[in-house]
Amino acid sequence: MKEALLYEKLEGGKVRCNVCRHRCIIPDDGVGFCRGRSNRDGVLHSILYGMVSSAHPNPIEMKPLYHFFPGSLCFSIGSFGCNFRCPGCQNWEISKKSPYEATGILQEISPERSIELTVLTGCTGISWTFNEPTIWFEYTLETAMRAKQNGLYTAYVTNGYITPQALALISPYLDAFRVDVKGFSSRTYREVAGVDALAGVLDSTVRARRMHGLHVECVTNITPGTNDDRRELAALARWIAVELGPDIPWHVTRFYPHFELGDVPPTPVCELEEVREIGLEAGLRYVYLGNVPGHPAQDTRCFHCNTVLIERSGCSIERNRLRNGRCPSCGEHIYGTFSA
């Protein structure tokens, strides 16, 4: 447990947390919506500091990040809890729990040790993933600072509901902001995430890209009957193209049944292909299909001449033809970071 950053002391022993956009007002001896921050005698603490549910190397493509050090290994580390309430959460075993409820999966790993493990496992960088990284902000910030001192890249795999203050504080030590944009209406967000977070997510994503210069990639997991409205998805694609830029990759991923949505069938691949075409028609240059192993829409192509630049098989790189970030056929510059 560690005293939290970015909070205000209020009357009556209450505190206001300013790390995520819920900005919870927490009474004495209470916890925030995320279940990872508690008020003890008028002092806000991070319950999650150093409390790890999972830590191991993954291909960066699993995040998914396709234009950020492709083919590299990324040390992936997560904790417990979440500030969303997604009924179809694939990591519900950890996102729906606090450390006090975790049995058999809890590890204590210091920021120093997480950097040691990143190096020992041959990883090029570190990502905070599996659950929402914002809610154990103090740990991710301290670890990110140490990562930069050791020449490692850093990535947030996030739902994007971070406050402007927290984003500004960590952005000097953060390289990539891989954000879920779960829909493009308040109604959809309430159904998919259990909270009306659309405006905050969009604002954070624009800030990450425009103000802080982070590498951004967006993901939308298409859940049948929930966030698959074509007009809404077309509006989302146009928003990415206009507000973030046509180079920003959009990963359209296949839903599989999890948690409370165990009776919902997987997304038909043909529907994902339709959404991909919508994204391309909106002006996006890189629209990928996710959770569909072997599909050609997992490859990176030059938007100018259509040359296959990076061939993927699942989360593995079969071939990378890029030369200094450019297409070898026409010389077009490709958005991203492609070498250490």
inquiry  = Test of understanding: among Ser114, Ser171, which residue is under 16 Å from His212 (Cβ atoms), among the polar types (S, T, N, Q) and not in a loop (DSSP other than H, G, I, E, B)?
reply    = Ser171
request  = Those residues that are touching a Cys at 6+ places or on another chain (Cβ under 9 Å) and in a helix (DSSP H, G or I), I need them from the stretch 180-210; list them, please.
outcome  = Val192, Ala193, Gly200, Thr205
query = What number goes with the only condition from (1) of a type in the set (Gly, Ala, Ser); (2) touching a residue at least 12 places away in the same chain (Cβ under 8 Å); (3) in a loop (DSSP other than H, G, I, E, B) that Gly151 does not pass?
reply = (2)
request  = Collect the residues in the stretch 321-335 that are surrounded by 15 or more Cβ atoms within 10 Å (Cβ to Cβ) and not in a loop (DSSP other than H, G, I, E, B), keeping them in residue-number order.
outcome  = Arg326
remark   = Filtering the stretch 246-285 down to residues that are assigned to a loop (DSSP other than H, G, I, E, B), of a type outside the set (D, E, K, R) and touching a Leu at 6+ places or on another chain (Cβ under 9 Å) yields Pro246, Ile248, Pro249, Phe255, Ala282
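Are any residues in the stretch 286-320 among the hydroxyl-bearing types (Ser, Thr, Tyr), more than 19 Å from Val216 (Cβ to Cβ) and either touching a residue at least 60 places away in the same chain (Cβ under 8 Å) or outside any loop (DSSP other than H, G, I, E, B) (or both), and if so, which ones?
Step one: list which residues in the stretch 286-320 are among the hydroxyl-bearing types (Ser, Thr, Tyr), which gives 286, 288, 300, 307, 313, 316.
Restricting the remaining residues to those that are more than 19 Å from Val216 (Cβ to Cβ) gives 307, 313, 316.
If the condition is that a residue be among the hydroxyl-bearing types (Ser, Thr, Tyr), more than 19 Å from Val216 (Cβ to Cβ) and either touching a residue at least 60 places away in the same chain (Cβ under 8 Å) or outside any loop (DSSP other than H, G, I, E, B) (or both), then Ser313, Ser316 are the ones that fit.
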task = Looking at (1) of a type in the set (Val, Ile, Thr); (2) farther than 15 Å from Glu132 by Cβ; (3) without any contact (Cβ under 8 Å) to a residue 60 or more places away in the chain, find the lone condition where Ile60 falls short.
result = (3)
task = State which residue is nearest to the chain's Cα centre (by Cα) when the search covers only the stretch 39-68 and only residues that are of a type in the set (S, T, N, Q), part of a strand (DSSP E or B) and crowded, with 22+ Cβ neighbours inside 10 Å.
result = Ser46
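Which ones in the stretch 199-211 are surrounded by 22 or more Cβ atoms within 10 Å (Cβ to Cβ) and aliphatic (A, V, I, L, M)? Can you show your working first?
Filtering the stretch 199-211 for residues surrounded by 22 or more Cβ atoms within 10 Å (Cβ to Cβ) gives 201, 204-205, 208.
Result: Val201, Ala208.
Can we say Ile25 is at pLDDT 95 or above, of a type in the set (A, V, I, L, M) and buried (at least 16 other Cβ atoms within 10 Å of the Cβ)? Steps first, answer last, please.
Numbers: at pLDDT 95 or above: yes; of a type in the set (A, V, I, L, M): yes; buried (at least 16 other Cβ atoms within 10 Å of the Cβ): no.
For Ile25, the condition - at pLDDT 95 or above, of a type in the set (A, V, I, L, M) and buried (at least 16 other Cβ atoms within 10 Å of the Cβ) - is not met.
Could you grab me the full set of residues in the stretch 220-235 that are assigned to a helix (DSSP H, G or I), in contact with a Phe, Trp or Tyr (Cβ under 8 Å, 6 or more places away or on another chain) and not hydrophobic (A, V, I, L, M, F, W, C)? Spell out how you get there, then give the answer.
Just the residues of the stretch 220-235 that are assigned to a helix (DSSP H, G or I), to begin with: 230-235.
Still in the running and in contact with a Phe, Trp or Tyr (Cβ under 8 Å, 6 or more places away or on another chain): 232-233, 235.
The one that is assigned to a helix (DSSP H, G or I), in contact with a Phe, Trp or Tyr (Cβ under 8 Å, 6 or more places away or on another chain) and not hydrophobic (A, V, I, L, M, F, W, C): Glu232.
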query = When only residues in the stretch 300-320 that are polar (S, T, N, Q) and touching a strand residue (DSSP E or B) at 6+ places or on another chain (Cβ under 9 Å) count, which is surrounded by the fewest Cβ atoms within 10 Å (Cβ to Cβ)?
reply = Ser316
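The values are calculated or read from the model by the stated rules, or taken from the named source; none is laboratory data. Keep in mind that what you see is a predicted model, and the values were worked out from it rather than measured. In this analysis, Cβ positions are derived from the backbone assuming ideal geometry, glycine residues included, and neighbour counts consider all displayed protein chains.
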